[in-house]
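Down below is the structure, laid out as C-alpha cells.
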Amino acid sequence: MRVLIVGGGIGGLAAAIALRRAGMQPIVFERAPELREVGAGLTLWPNAIKALRKIGCAESIEKTATRLVRSESRTWNGKLLAELDLAALAARVGAPTFGIHRADLQHLLADATGPGVLRLGMTCTAFTQGPHGVTIRFANGEQEKGDLLVGADGLRSSVRPLVVGSQKPRYAGYTAWRGVADVEATDVPDGTAVVAAGRGSQAGFLPLGHGRTYWFATVNVGENEMLMGSTRAVLARRFADWYAPIPALISATDETAIVRTDIYDRKPATAWGVGRVTLLGDAAHPTTPNLGQGACQALEDAAVLARCLAERPADPATALRDYEAARMPRTADVVNRSWEIGRWLAVESRVANFVRDWGMRLG
C-alpha cells in the first residue's frame with residue numbers, strides 16, 4: 001500500500017515510520033527545502049514515549065533526550081504552588097518523561113524513515129481521489145499517485161480545507177516567545193521543568209541536555225497586535241523581575257534565535273477525512289501548548305493510524321474511519337482541556353490570580 005503523507009513535521013515523519021514498520025510504502029512530501037532547526041523544545045510525556053516504542057524508534061530518542069524527574073508550577077516570583085514527581089509517574093505508568101529539542105526529534109525521526117521516503121521542496125496544491133487511489137498535484141507541476149493520502153501539514157494545512165472545509169483557527173488571546181539558551185538553569189534541581197504564572201503572562205523552562213535550556217514566555221495581546229520595541233526590550237520589560245532563571249535564560253539567547261508565535265487552536269472537528277484521505281497531528285487537532293501534548297498526540301495518531309491500516313489492508317478507507325473514530329474523542333478532550341487551562345493561566349485581575357494560585361496549591 002502506497003501512502004502519500006503531506007507534511008514532514010513530527011507527526012508526518014512518525015506516521016511514515018509506523019507505516020513502513022507495518023509493511024506499507026510511505027512517501028513524505030515536505031514544502032520546506034530543508035529541515036530547518038527551530039529554536040524550541042518540547043516535552044515527551046509517557047504517552048508519547050509509549051507511542052514511539054510502538055513504532056520502533058524510541059531507543060535513539062531516549063538516548064538523545066533529557067529525562068525529567070520533576071515538574072513544578074510556581075507564581076511569577078517563584079513561590080511553589082504544585083509539584084509532580086515524574087520519576088514516580090514513570091514507575092506507575094511504565095514510561096518516563098523527557099525534554100528534547102524539537103529539531104533533534106525531527107532529525108531523529110527523519111533518519112528513521114529510511115532512504116528515499118522524505119522529499120523536500122514539495123508544496124501540495126490540490127488532490128483528487130477515486131475508488132482506487134489518490135493523486136496529489138504540487139506547485140512545481142509534479143503529480144504523485146498513491147493508495148491513501150494523510151494530511152500532516154500543521155495548523156495551516158493545505159489538505160484540511162479540501163477535506164473538511166474551511167474553519168478559521170481560534171486565537172487564544174496571547175502570543176508566545178520561545179528560545180533555547182546555551183546555559184543550564186543551575187538554580188533549580190536537575191531534570192526539573194518549571195511553569196510560572198503571573199497576571200496575563202506565563203513563562204517556563206525545561207532542560208534539554210548538552211548545556212541547553214528551553215524557555216518560553218507568553219503575554220496577553222490582541223490578535224496580530226504589534227508590540228513596541230525589539231524582542232529583547234519587550235521581554236525585558238515584562239519579565240525582568242520574574243523567577244530568577246527566567247530573565248537570565250532570555251538574556252542568554254541571541255535575539256535572532258527567539259521565535260514569536262501567536263497561539264491558536266481549532267475547535268474539535270466532527271470529521272477528519274473522506275474516502276481515502278485523512279488528517280493527522282495539528283492538521284487534524286491543533287491545540288494550545290498548555291498541556292504539552294501537541295507533539296505527543298501526533299505521535300499517538302501515527303501509532304493508531306498504522307495499527308488500523310494493518311488490521312484492514314483490504315479496506316483502507318474503512319481503516320481510516322476506524323483511526324478517526326479511535327482518535328477523535330481523546331484529541332478533542334486534550335484540545336478542550338488545554339484551552340480552558342490556558343484561559344485560567346492568562347487571567348489578569350489580582351482576584352482571579354489569587355483564586356487561580358490558591359486552587360493550584362490545593363491541587
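Given the residues 297, 293, which is the only one that is in contact with a Gly (Cβ under 9 Å, 6 or more places away or on another chain) and polar (S, T, N, Q)?
On inspection, the qualifying residue turns out to be 297.
For (1) farther than 24 Å from residue 49 by Cβ; (2) open to solvent by 70 Å² or more (accessible area, probe 1.4 Å); (3) among the aromatic types (Phe, Trp, Tyr), each residue gets a yes or a no:
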position: 301; (1), (2), (3): no, no, no
position: 311; (1), (2), (3): no, yes, no
position: 316; (1), (2), (3): yes, no, no
position: 321; (1), (2), (3): yes, yes, no
position: 345; (1), (2), (3): yes, no, no
position: 350; (1), (2), (3): yes, yes, no
position: 354; (1), (2), (3): yes, yes, yes
position: 360; (1), (2), (3): yes, no, no
position: 363; (1), (2), (3): yes, yes, no
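Against the conditions (1) loosely packed, with under 14 Cβ neighbours inside 10 Å; (2) not in a loop (DSSP other than H, G, I, E, B), where does residue 144 fall short? Just the number, please.
(1)
Identify, from the list 256, 270, the residue that is of a type in the set (S, T, N, Q), over 25 Å from residue 220 (Cα atoms), out of contact with any strand residue (DSSP E or B) (no Cβ under 6 Å at 6 or more places or on another chain) and open to solvent by 50 Å² or more (accessible area, probe 1.4 Å).
270
Which of the residues spanning region 270-293 are more than 19 Å from residue 54 (Cβ to Cβ) and part of a helix (DSSP H, G or I)?
Within region 270-293, 282, 283, 289, 290, 291 qualify.
Go through (1) of a type outside the set (D, E, K, R); (2) open to solvent by 60 Å² or more (accessible area, probe 1.4 Å); (3) closer than 30 Å to residue 123 by Cα for residue 174 and report which single condition fails.
Every listed condition holds for residue 174 apart from (2).
Yes/no matrix, rows are residues, columns are (1) in a helix (DSSP H, G or I); (2) open to solvent by 30 Å² or more (accessible area, probe 1.4 Å); (3) touching a Pro at 6+ places or on another chain (Cβ under 6 Å):
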position: 42; (1), (2), (3): no, no, no
position: 50; (1), (2), (3): yes, yes, no
position: 53; (1), (2), (3): yes, yes, no
position: 59; (1), (2), (3): yes, yes, no
position: 63; (1), (2), (3): yes, yes, no
position: 72; (1), (2), (3): no, no, no
position: 77; (1), (2), (3): no, yes, no
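Counting just the residues of region 79-94 that are surrounded by 14 or more Cβ atoms within 10 Å (Cβ to Cβ) and under 14 Å from residue 197 (Cβ atoms), which one comes out nearest to the chain's Cα centre (by Cα)?
82
For region 149-170, enumerate the residues that are open to solvent by less than 40 Å² (accessible area, probe 1.4 Å) and more than 21 Å from residue 299 (Cβ to Cβ).
Within region 149-170, 158, 163, 165, 169 qualify.
Is it true that some residue in region 231-250 is open to solvent by 10 Å² or more (accessible area, probe 1.4 Å), β-branched (Val, Ile, Thr), in a loop (DSSP other than H, G, I, E, B) and modelled with pLDDT under 95?
No - not one qualifying residue is present in region 231-250.
Mind listing just one residue for me: the one in region 2-16 that is open to solvent by less than 10 Å² (accessible area, probe 1.4 Å), under 14 Å from the mean Cα position of the chain (by Cα) and of a type in the set (A, V, I, L, M, F, W, C) and, of those, nearest to residue 53 (Cα to Cα)?
By that ranking, first place goes to 14.
What are the pairs with Cβ atoms under 7 angstrom where one residue, in region 310-324, is assigned to a helix (DSSP H, G or I) and the other, located anywhere, is surrounded by 15 or more Cβ atoms within 10 Å (Cβ to Cβ) and of a type in the set (Gly, Ala, Ser)? Sequence gap at least six, or different chains.
Close Cβ pairs (under 7 Å, with a partner that is surrounded by 15 or more Cβ atoms within 10 Å (Cβ to Cβ) and of a type in the set (Gly, Ala, Ser)) amount to 310/22; 311/319; 317/275; 320/273; 324/273.
The values are calculated or read from the model by the stated rules, or taken from the named source; none is laboratory data. No experiment lies behind these values; they were computed from the predicted model shown. Neighbour counts are summed over all protein chains in view; Cβ atoms, including those assigned to glycine, are modelled from backbone coordinates with ideal geometry. Quick note on the areas: whole protein, heavy atoms, side chains included, nothing else; ligands and nucleic acids left out. Shrake-Rupley method; radii C 1.70, N 1.55, O 1.52, S 1.80 Å.
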